[in-house]
Each structure stands twice: as C-alpha cells, then as structure tokens.
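**Student:** Below is the structure I would like to discuss, written out as structure tokens.
No value in this document is a laboratory result; all are computed from the given coordinates. All figures in this text were calculated on a predicted structure; none of them were measured in a lab. Neighbour counts run over all protein chains shown; Cβ positions are idealised from the backbone, glycine included.
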Amino acid sequence: MNEPVIEVVDLRCRYGGFEAVRGIDFVVNRGELFALLGTNGAGKTTTMEVIEGLRAPSAGMVRVFGLRPDTDRERVRPRTGVMLQESGFPGELTVAEAVRLWRDLTTRPSQVDEALDLVDLAHRRNVRIKSLSGGERRRLDLALATLGEPELLFLDEPTTGLDPESRLRTWRILRALLAKGTSIVLTTHYLEEAEQLAHRIAIMHEGRIEVCGSLADVLEREASRISFVRPDGVAFDDLPGVRGRIDPEAFLKGTVEIRTRELQDDLTVILAWATGRGVQLGRLRANHASLSDVFHGVSLNPAVAA
Amino acid sequence: MNRVAALARVELILLLRNKTAASMALVMPLVLGVVFAFLRNGDDWLAPITTQLLVVQALTVYVSTTTALVARRQDLSLKRLRSGEAAEPVILAGVLAPMVLLGLVQGTVLVGIALVAGAPMPADLVAMAAAIVCGTLVAAGAGLATSAVTATPETAQITTAPLVAAMLFGAMWVLSTAAPSPLRLAAPGAATAELVRAGMEGSRSVLVPIAVLAGWTVATVLLGLRYFRWEPRS
C-alpha cells in the first residue's frame, strides 16, 4: 500500500510579480524515488526549497510526513536529509571538520569515517574544502545529506560535475538507500539518471508540471517514430496510408519520418508496402519515444505533451 | 546547547584561520587597549578604560559578527545549516558566540591591564561588569542588524564604520557632562561609557544605562531577525 511522505496540492510561489511555481500537485510515497525534471527556471529548485521548509509557499498546501515543513521543522528535519544545488561550507574547513560539525548537529549521525568512506573521500579528510574539486564537493554534500540516516532525502542535481565513475557510485548509493526504504526526491539535468533511478517522473515547464507518472506513463505521452531513407523515385503520395503522421519537411530532405502511437500496425503497413513494391528501406529504424523526446516535447510545446 | 558549542567551535577555527579577521578581532583591540592605557592624561583612567572597552566591543564584537554573518551567508553556509536540524536561533547563536565570548574575555583582560598599569580598583564592580557584558551584547545585536544591510564581507568595513565612529563620539558626549539625560544615554556607546563611569566612581545609578543597553539589544536583535537574509540576494 502506498504511504505518502510528501503531499503537494496547488503549490504556488511568487517572487514579487513573478510566479515561479504555478499551481502544482504531486505525491511522493515511502521508498519511492521521485524525479523532478525541467529546463533551467522551470521551478524545480523553488519547489524543492518549499518542500524542504526553506521557503514558505505563496499559496497551496505542502505536507511532509503529514506536517508543514516550514513551521514544523523541529519534527520534520530529523527525518530528512538535504543536498542543495550549490554546496555551502566555508572553504577554510577541512572535510573531516565539516562532517564532524554536521554530525554534532544531527540526531542520528553515522560515524565520520563511515560517511567519508561511503562517498570515497576518506583519503581527503584533512584537505580544506576550498581545495576540493567540484565533484568532490558534491560527494561531500551527499555524505552530509545522508549522515543522519534520513527517511526522506532531497537531492538537487546531485551528480552535476561528477565523473562517470563517481556518478555510477552515487547511483549505487541511492539504490542502496531505496532498498532500505528511504524516499528520495531528485532533480537532475541528466535524463538517463531519471530513467535509471526514478519510480516516477514529473517534468516541469514554466512553473507547471506538464507530465507526471512512471517512466512508461511519461513515454506514452509522446508518439513513437519510424524512419527510413526515402527510396529513389518514391513520391509523397506513393507512400502507404499509415495511422501516424508523415513529416513532409523531412520527406523533402530525403527521409521518411512517421510519428505514430500505433507503432506495430504502422510498421507492418510500411514493411508490407515495401515488400510489395520491392523497395529496400535504407537505415530503417522504429523507436518508442525516449525520455529525451518527451522532455523536448514539453519544453517546445507543453500544451501538446499535456 | 551542544549544537551552539559545535557551531561556535567551528566559527572560532575559521576566525583563527583568517589572518585579517583574526588580527582585527584578537590583536588590534588588545594593542589599542594597551596603548590607551599608557597614553592617558595624568590620573584620568575613565577615558582610557571607556575607550578600551568600546574598541573591543566595536572591533572584536560588532565588526567581527557583522563580517562573520555576511561571510557565512555569502559562502552559503547559513543556507546549508538552515537545511539541517539546527534551529535558526541556534545557528545564529553559534556563529555569534565566539565573538561574544572574545569580547567578554578581552574586556575583562583590558580592565585587568589597566589595573596593573596603575588604575584604581573600580568602586562599583557590578557597574563595571555590566559595562562589559551589556556593551558586548548590544554590539552583537548591532552586528546582527548590520549584517542584514551588508551585501559582502568586504563591504562590512564600510557599513560598520558609521556606528563604530558613533560609539566613540557617543561615549565622549556622555562623559562631557556630569549628569547625562536619558536621551544622551541613548546615543551609541553612551550608556556603556556611563556604566564605566559608575564603575570607576561608584555611587551612580546604573539602572538607566542598563535599561538603555537592554532596550538597544532587544531592538537590534528584533530588527536583525526581521530583516535577516539566509542566502545572498540573487
């Protein structure tokens, strides 16, 4: 049974005359990784900061563990871990001093060595933070966010600046936390990260959630695609009638592109037509929509995706 | 309390690792204090001791708290700390605590140096202690309030300068009259100077200057909390 840890209803946030978040609704359940995607300025970080209790909403309701995160912070914070988009620690502190401070501020802290081992920073424990690379700072951030064994973890672009190996390591850490029942809210610009990790995905654009659901649900929003090189001597009208849409502009450029929600049916029609005409279909491809297709669809034309 | 101590310990480490801030907060007030003690006019110890305490409260407490709060806001430490379990007043108390403690210790040490250099024993120790404690607290409150209107640690030198100057002039203004009015005592530095005078001479009322300093402390803290920003303006 789904147990909500976060409930957001008609959330709105204004900065003066600018409405950064324009009435969004979603729920995050226990043990779930919920990915919040969107272009820069879509409202992801503002949404995260409201749920984290760092910012009061202008309107709407936000509940974390059934409590208001901005006013019930004493009861909410011991159960949450936060990794902000930008790390914030004085550069003159060493890695170990920063972790020790955070341990002293946390109700259920892990050991300092354990936390540093987790993110592969044990060998950098006596290095000042100002000397760390961007990726190492993100790993330190992750160590601090997970130090209190949180039930709910907020990760704002956790793998930005990480090398591929560190990114995979972070994914392993997140999977281990999920296996323990930790709920995670993640924002990322890496769509592959959301595809790999998220149970559910929301794509924001200009302050609204345009698409929300499981990866399969989200991909359903965008049509699949069949493409092949236009055979010599074939005119637009020679092509068989398919249930999808043939792109006339691509046709003029020498490619037949069909956007369809009936991939199997339309592919069968195309193959039967080609066989019947004895036509070879060069570079034939048939793909379901990718998360990237949906993301770009939302960014370019939100109303269609919705 | 443990959380305040943890934050204060880190803040002290940072102060000691920043040579400019450390010399401003630790060395400069003590050097100036000793200089004032030896440049006094005859047997007049009131002006040197008042100046010593005000320099400590201005530089070690007021300027340093303003700079520390703005620097922590600038490097996003305050935002990071606020995302954790520590409550907002605990975070602020942790950042301010080292400067307040240093102010108390330095104030006491400088009065001790003055005594060793020949100053008479204060006639009213409670008044002298009140000058050190209340003056330090109002300086910390003023630092909190000034940090709200200070964008960067560098500009803290500019935004704190008017009040530092006002504290020294306010002290001279109040010491220039034998029976200052409550309005005159409300000037920056004036109530502290009046408490030092009460401490040195005895037999003077300390209630009004203490009430003035308590009022200023509450006002500056409330003002600071009302307009305090936890992250840089974007």
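**Student:** Can you list the residues of the stretch B:173-196 with backbone N under 16 Å from a point 7 Å past the Cα of B:N41, pointing along Cα to Cβ?
**Tutor:** Hits in the stretch B:173-196 for B:N41 at 16 Å: B:173-178.
**Student:** Return the distance in nm (one decimal) between the two label points of a simple spin-label model at A:L67 and A:R22, each offset 7 Å from Cα along Cα→Cβ.
**Tutor:** Result: 3.4 nm between the two label points.
**Student:** How much of the DSSP beta bridge set in the stretch A:4-219 is antiparallel, as a percent to the nearest 5?
**Tutor:** The antiparallel fraction comes to roughly 55 percent.
**Student:** Here is a follow-up. Per residue of the stretch B:6-12, in order, report the coupling 6.51 cos²θ - 1.76 cosθ + 1.60 (Karplus, θ = phi - 60°) as ³J(HN,Hα) in whole Hz, putting x for Gly and Pro.
**Tutor:** Per-residue couplings from phi come out as 5, 5, 5, 4, 5, 5, 5 Hz.
**Student:** What aspartates and glutamates sit close enough to B:K79 to cross-link, taking a C-alpha to C-alpha distance under 15 Å and skipping anything fewer than 8 places away on the same chain?
**Tutor:** Within reach: A:E49, A:E52, A:D70, A:E86, A:D141, A:D156, B:E88, B:E231.
**Student:** Where the centre of each part is set by its Cα atoms, how far does the stretch B:14-59 sit from the stretch A:123-159, in angstrom?
**Tutor:** 41
**Student:** Another question, if that's okay. Just subtract the alpha-carbon distance of A:A216 and A:D265 from 0.36 nm times their residue separation and send over the number in nm, one decimal.
**Tutor:** Residue separation times 0.36 nm, minus the Cα-Cα distance, leaves 15.7 nm.
**Student:** Which cross-chain or sequence-distant (5 or more) residues have an amide H under 5 Å from the amide H of A:R14, H modelled 1.01 Å from N in plane?
**Tutor:** Here the answer is A:A20, A:S58, since their amide H atoms fall under 5 Å of that of A:R14.
**Student:** Moving on to the next point. Return the whole-Å distance between the Cα centroid of the stretch B:70-141 and the Cα centroid of the stretch A:102-121.
**Tutor:** Between the Cα centres of the stretch B:70-141 and the stretch A:102-121 lies a distance of 31 Å.
**Student:** Right, here's the next one. Around A:Y190, under 10 Å between beta carbons, what's the net of Lys plus Arg minus Asp minus Glu among the other residues?
**Tutor:** So the surrounding residues net to -3.
**Student:** For the stretch A:46-134, how big is Rg over Rh, using alpha carbon atoms and the Kirkwood form of Rh?
**Tutor:** Using only Cα positions, Rg/Rh for the stretch A:46-134 is 1.05.
**Student:** May I ask you to list the lysines whose Cα is less than 17 Å away from that of B:K19, ignoring any residue fewer than eight positions away on the same chain?
**Tutor:** Within reach: A:K130.
**Student:** If eta is 1.002 mPa s and T is 20 °C, what Stokes-Einstein diffusion coefficient results for the stretch A:223-288, Kirkwood Rh from Cα pairs, in µm²/s?
**Tutor:** Calculated translational D: 184 µm²/s.
**Student:** Can you give the FRET efficiency to the nearest 0.05 for A:E86 and A:N2, using r as the Cβ-Cβ distance and R₀ = 30 Å?
**Tutor:** Details: r = 33 Å, r/R0 = 1.09.
The pair A:E86/A:N2 has a calculated efficiency of 0.35.
**Student:** Once the Cα atoms of helix B:64-74 and of chain B are each reduced to a long axis, what angle between those two axes, in degrees from 0 to 90 to the nearest 10, is obtained?
**Tutor:** Approximately 10 degrees, to the nearest 10.
**Student:** A follow-up question, please. Going by alpha carbons, how many degrees (0 to 90, nearest 10) lie between the helix axis of A:263-277 and the longest principal axis of chain A?
**Tutor:** 30
**Student:** If you take every residue apart from A:T47 with its C-beta less than 12 Å away from the C-beta of A:T47, what net charge results, scoring Lys and Arg +1 and Asp and Glu -1?
**Tutor:** +1
**Student:** Per-residue mean of other chain beta-carbon atoms within 10 angstrom of the beta-carbon, peptide A:80-90?
**Tutor:** Other-chain Cβ atoms within 10 Å of each residue's Cβ, averaged: 6.
**Student:** Run down the lysines and flag those whose C-alpha is under 27 Å from the C-alpha of A:K180, throwing out any fewer than 8 positions away in its chain.
**Tutor:** A:K44
**Student:** I would also like to ask the following. Give the value in nm², to one decimal: projected area of the alpha carbon convex hull of chain A, averaged over all directions.
**Tutor:** Averaged projected area of chain A's Cα convex hull equals 19.6 nm².
**Student:** Next question. Could you tell me how many degrees, from 0 to 90 and to the nearest 10, lie between the Cα long axis of helix A:134-146 and the main elongation axis, the longest principal axis, of the Cα atoms of chain A?
**Tutor:** 70
**Student:** Given a cut-off of 40 Å, what percent of all Cα-Cα pairs of the protein assembly as shown lie beyond it?
**Tutor:** Tail of the P(r) past 40 Å holds 43 percent of the pairs.
**Student:** Kirkwood Rh over Cα pairs of chain B into Stokes-Einstein at 4 °C, 1.567 mPa s: D in µm²/s?
**Tutor:** It comes out at roughly 73 µm²/s.
**Student:** For A:D247, what is the net charge nearby, where nearby means another residue's Cβ is under 12 Å from its Cβ and Lys, Arg count +1, Asp, Glu -1? Before the final figure, lay out each step's value.
**Tutor:** Working: positive: A:R225, A:R230, A:R245, A:K253, A:R259; negative: A:E249, A:E257.
In short, +3.
**Student:** Listing B:Y62, A:Y15 from the residue with the fewest other Cβ atoms within 10 Å to the one with the most, what is the order?
**Tutor:** A:Y15, B:Y62
**Student:** Under the definition of partner shielding as Cβ atoms of other protein chains within 10 Å of a residue Cβ, what is the mean value for peptide B:3-11?
**Tutor:** The shielding value for this peptide is 3.
**Student:** May I ask you to derive the FRET efficiency for A:R283 and A:A56 from their Cβ-Cβ distance with R0 = 41 Å, giving the value to the nearest 0.05? List each step's numbers first, then the result.
**Tutor:** Details: r = 54 Å, r/R0 = 1.33.
Working from the Cβ atoms, E equals 0.15.
**Student:** Please give the peptides B:102-112, B:145-155 ranked by average Cβ packing (other Cβ atoms within 10 Å per residue), highest first, as a rough proxy for protection.
**Tutor:** The packing order, highest mean first, is B:102-112, B:145-155.
**Student:** A:R128 label point, 7 Å along Cα→Cβ, cut-off 18 Å on backbone N: hits in the stretch B:134-166?
**Tutor:** The answer is B:153-154, whose backbone nitrogens lie closer than 18 Å to the label point.
**Student:** Suppose we keep just the alpha-carbon trace of the stretch A:81-228; what are its Rg and Dmax in angstrom?
**Tutor:** 17.2, 62
**Student:** Shifting gears a bit: Given a 10 angstrom Cα cut-off, can you work out which residue in A:G91, A:G17, A:G41 is the most mobile in a GNM of chain A?
**Tutor:** Maximum fluctuation in the GNM of chain A, among the listed residues, is at A:G17.
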